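What follows is a set of notes on a single structure, which appears directly below.
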Amino acid sequence: ATPAASATRVPPPRSASPTHGLTAWFLSTSQRKLAVGSRTTPTSMAPRNRGEELLAGGVAGIVSRTAIAPIERVKILVQTGAGRSSAGYTGLVREMYHNEGLLAFWRGNTAGVVRVVPYMSATFLCYEEYKAALLGCGAHKQQAALAAGSLAGVTAVCLTYPLDLVRAAMAKPSSVYTSMFHALRSISAERGVG
């Protein structure tokens, strides 16, 4: 062998056990999978970027809310009694399409998206904050995750309840509201804020 070839050869591992190579491969693969950008530390030790958490929650909310908007619209019509059809859900769907067109299934979706972006963003951010605080207090990992998820959900619902109310009001077929802000102003004037 030439001197250059021997300089590039990797020395054999200290332990020749078959698990050593597997462990080294697993650790190097895990580090690559955990790397985010220039960070190569495990996620629990990586510096947190709250902006990324807010953005991730917002994007996830937009995609999921728009995908399920037709189901939500039919559900709201059934819940409010406006969607009475003798043929059940399929009959209601056919009636909606025939009477209002395809876009009727996404009616009120803008209000839903405006509600779900802060809701999901708050959920993602609060979950991480609560989880870190609970782990810092000595809670077990699974208990901290469960409690953090519950607290994050409660926090997000409390913060976005007015937007949920507007979304439901705008999704009704008898809705007289021209925009989200019109609905918010009218509902608060009619029913009060508290």
* Asked: Simple spin-label model, 7 Å along Cα-to-Cβ: W106 to V193 in nm?
  -> 3.4
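Rounded, prolate or oblate: which fits the stretch 153-194 when a ≥ b ≥ c are the square roots of the eigenvalues of the alpha-carbon gyration tensor, with rounded for a/c under 1.5 and prolate only if a/b beats b/c? Mind dumping the intermediate values first?
On the way: a/c = 2.54, a/b = 1.53, b/c = 1.66.
Cα axes put the stretch 153-194 in the oblate bin.
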* Asked: Sorted by packing (mean other beta-carbon atoms within 10 Å per residue), highest first, where do 50-57, 124-131 land?
  -> 124-131, 50-57
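Give me the percent of Cα-Cα pairs in the stretch 89-146 that sit more than 14 Å apart, rounded to a whole number.
Details: 1145 of 1653 pairs.
That tail contains 69 percent of the Cα-Cα pairs.
Coordinate-derived values only; no laboratory data. Small disclaimer: the values here were computed from a predicted structure and weren't measured. Neighbour counts run over all protein chains shown; Cβ positions are idealised from the backbone, glycine included.
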